[in-house]
Amino acid sequence: MQATSLFLPESRIPKTKEISKTIGGEIVVSQRVKELFLRHDVTGAALLPLCPNSSSSAESNAWFQLGVLEANAEVIAPTRVGIDPFDDDVKGECRCPLGDLVGLNLLSEVTITSGSRGEADIFCTRQFVGVRRGLLRPERIILISPKVWRVLVSEKIKGVEIEVAHIA
């Protein structure tokens, strides 16, 4: 859990992107993306303040941290998660016995249960993918509704990578 605002110098944010992700997994969006989300009534997202200087609590007017409010989507088969395309980690070396960490890497398109989808336009999975090592932490898979996809594509938002997800 993040205890304070994200401290990230604006010089570290790529100038050619409007949505960017840090090595620690935090997602940063531009003022334009924030305005689009507000104009189109996008639900499920919290646009949190970003502090460009760790010695000051002044907040950026140009950049915001994206927080996802709902984390209920349940990842199910045929989603493939594992070490690499030739190693699905069947022995479970990179998995949590409780099912919270499903594997090291996402190897296929995501499939979630329809009952766990919820009503929000932006939501994420209950389970995590990744590894805990140094600054790296397992991350939830963020999912968006077709409405948000249409907004991002029609406005030509740079820096976003979108893949198909299935609801079963």
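The table for this structure:
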{"read-out": "Antiparallel content of DSSP bridges confined to the chain, in %, to 5", "value": "75"}
{"read-out": "Spin-label pair Glu155/Arg12, simplified geometry with 7 Å Cα→Cβ offset, distance in nm", "value": "2.5"}
{"read-out": "Low-density loop positions, trypsin sites (Lys or Arg not before Pro), the stretch 33-96 - DSSP coil, at most 14 other Cβ in 10 Å", "value": "Lys91"}
{"read-out": "Count, lysine Cα pairs under 23 Å in the chain, 8 or more residues apart or across chains", "value": "16"}
{"read-out": "Gln31/Ala168 FRET efficiency (R0 41 Å; Cβ-Cβ; nearest 0.05)", "value": "0.65"}
{"read-out": "Helix-only mean residue ellipticity at 222 nm for the chain, each DSSP H run of n ≥ 4 adding -39500 (n - 2.57), per residue, nearest 500", "value": "-3000 deg cm²/dmol"}
{"read-out": "Cα-based equivalent ellipsoid, the chain: semi-axes from gyration tensor eigenvalues, Å", "value": "28, 20, 14"}
{"read-out": "Accessible area of the chain divided out per residue, in Å², using a probe of 1.4 angstrom", "value": "61"}
{"read-out": "Carbon/sulfur fraction of accessible area - the chain, other protein chains in place, 1.4 Å, %", "value": "55"}
{"read-out": "With at most 11 other Cβ atoms within 10 Å, longest stretch of the chain clear of loop GluC sites (Glu not before Pro) (DSSP)", "value": "1-92"}
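The values are calculated or read from the model by the stated rules, or taken from the named source; none is laboratory data. Computed from a prediction, not measured in an experiment: that's the story for all the values here. Counting neighbours? That spans all protein chains shown, and the Cβs are built from the backbone with ideal geometry, glycine included. For the accessible areas, the whole protein counts, side chains as well, though only heavy atoms, and no ligand, DNA or RNA atoms are used. Shrake-Rupley method; radii C 1.70, N 1.55, O 1.52, S 1.80 Å.
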